[in-house]
Amino acid sequence: MATSATSTAQNTGDSRDSVQYLRKILTSESSPLAQRFRALFSLKHVASEKPPTAETLPAIEAIAAAFSSPSALLKHELAYCLGQTRNLDTVPHLRKVLEDRHEDAMCRHEAAEALGALGDAGSLDLLQRLRDDNSEEEVVRETCDIAVDRISWETSKASETEKLKPSDFTSIDPAPPLPLAERSIPELKQTLLDSSLPLFKRYRAMFALRDLCSPPDLPTAVPAIQALAEGFQDRSALFRHEIAFVFGQLSHPASIPSLTATLSNKEEVGMVRHEAAEALGSLGAEEGVEEILKQFLKDPEQVVRDSIIVALDMAEHEKSGEQEYILSEQAVAA
């Protein structure tokens, strides 16, 4: 069973040395990609500690240091992890990525989403400006739109009065689920697929459907997954990629056919196929999933190839029974 980064640090002497070791792995282009991902999630654990410790800021800086990598896949995951820390010390790093028009759109989108997850009202002007800039990449504009709505919702009376079902998931999502009064699967599906509605509301339906799939033996689970899978036909690549992300969180076997079809579709954009690959990685203990993933090890798209490497490592993690996807104690102690 994997230990947390905190207990690992205690076992190896100085936790600050542990953070520096993890930083070295994360920022090294010669380290295997899967190992770098495990180092990242180890650092995320330290960066998210509440209350903050002496290692919190060094862990945040270690994650941000890897934005110099040429790997779009790694950089977008850095932004996601920073957004999940609930620590506003991450904001300057995320704004820098978002404002850099030379950066990959997938990374900039994740930085915008992270600012929304952090509820950073100080970033509203930047998010609104990019949302309204027609020269911006669509995925960036759409993400900024959702982030603005999320921050606005957090500071609204609705956030205090809406009755929301407690979620089984610890992630900070781009949007809260819709209230309990609007949670029948047909209603949620209609909202999910209605492209005339704001993306924020459609995302709220998406996460409400997700919550109806957990635990996986709920009678609503498979119908909700089938409703979510129809979202793969949406015109928005951002929306389609979020469907795949949700399926990765759920790790429900009923999602395997639609994830496989999405990954196999060479006409689909890379950010969606990558998310489908990693979602399949979370289902790696299911029969045949590893064989599906291995078919794409030589895919023409770099982000897909990289995702397959990470997904296969995730599959090994799922089969091992380890509780956390982090760098092992033995690796940190080496």
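The values are calculated or read from the model by the stated rules, or taken from the named source; none is laboratory data. Being a predicted model, the structure only gives us computed values, none of them experimental. All Cβ positions, glycine included, derive from the backbone under ideal geometry; neighbour counts span all protein chains shown.
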(message) Taking the conditions exactly as written (surrounded by 22 or more Cβ atoms within 10 Å (Cβ to Cβ) and either within 26 Å of Pro32 (Cβ to Cβ) or in contact with a His (Cβ under 8 Å, 6 or more places away or on another chain) (or both)), does Glu242 satisfy them or not?
(response) no
(message) Could you check the stretch 213-225 and list, in sequence order, the residues that are buried (at least 22 other Cβ atoms within 10 Å of the Cβ) and in a loop (DSSP other than H, G, I, E, B)?
(response) Cys213
(message) Of everything in the stretch 285-331, what is in contact with a Leu (Cβ under 8 Å, 6 or more places away or on another chain) and modelled with pLDDT under 95? Give them in sequence order.
(response) Ala315, Glu318, Leu327
(message) Looking at the structure I just gave you, is Arg108 buried (at least 24 other Cβ atoms within 10 Å of the Cβ) and over 28 Å from Val304 (Cα atoms)?
(response) no
(request) Would you check if Pro174 is within 28 Å of Leu250 (Cβ to Cβ), assigned by TED's automatic domain parsing to the domain that holds Pro216 and touching a helix residue (DSSP H, G or I) at 6+ places or on another chain (Cβ under 7 Å)? (result) yes
(request) Select from the stretch 17-54 the residues that are among the small types (Gly, Ala, Ser) and touching a residue at least 24 places away in the same chain (Cβ under 8 Å) and write down the one among them that is surrounded by the most Cβ atoms within 10 Å (Cβ to Cβ). (result) Ser42
(request) Scan the stretch 307-321 for residues that are without any contact (Cβ under 8 Å) to a residue 60 or more places away in the chain and among the hydrophobic types (A, V, I, L, M, F, W, C) and report the count. (result) 4
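Would you say Ser255 is within 21 Å of the chain's Cα centre (by Cα) and within 28 Å of Glu318 (Cβ to Cβ)?
In short, yes.
Each row is one residue, and each column tells you yes or no for (1) among the charged types (D, E, K, R); (2) under 15 Å from Thr85 (Cβ atoms); (3) in the same structural domain as Tyr80 (by TED's automatic domain parsing).
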| site | (1), (2), (3) |
| --- | --- |
| Tyr21 | no, no, yes |
| Ile25 | no, no, yes |
| Glu29 | yes, no, yes |
| Ala34 | no, no, yes |
| Ser42 | no, yes, yes |
| Lys50 | yes, yes, yes |
| Glu55 | yes, yes, yes |
(message) Given the condition closer than 23 Å to Cys107 by Cβ, in contact (Cβ under 8 Å) with a residue 60 or more places away in the chain and either surrounded by fewer than 17 Cβ atoms within 10 Å (Cβ to Cβ) or under 20 Å from the mean Cα position of the chain (by Cα) (or both), answer yes or no: does some residue in the stretch 263-271 qualify?
(response) yes
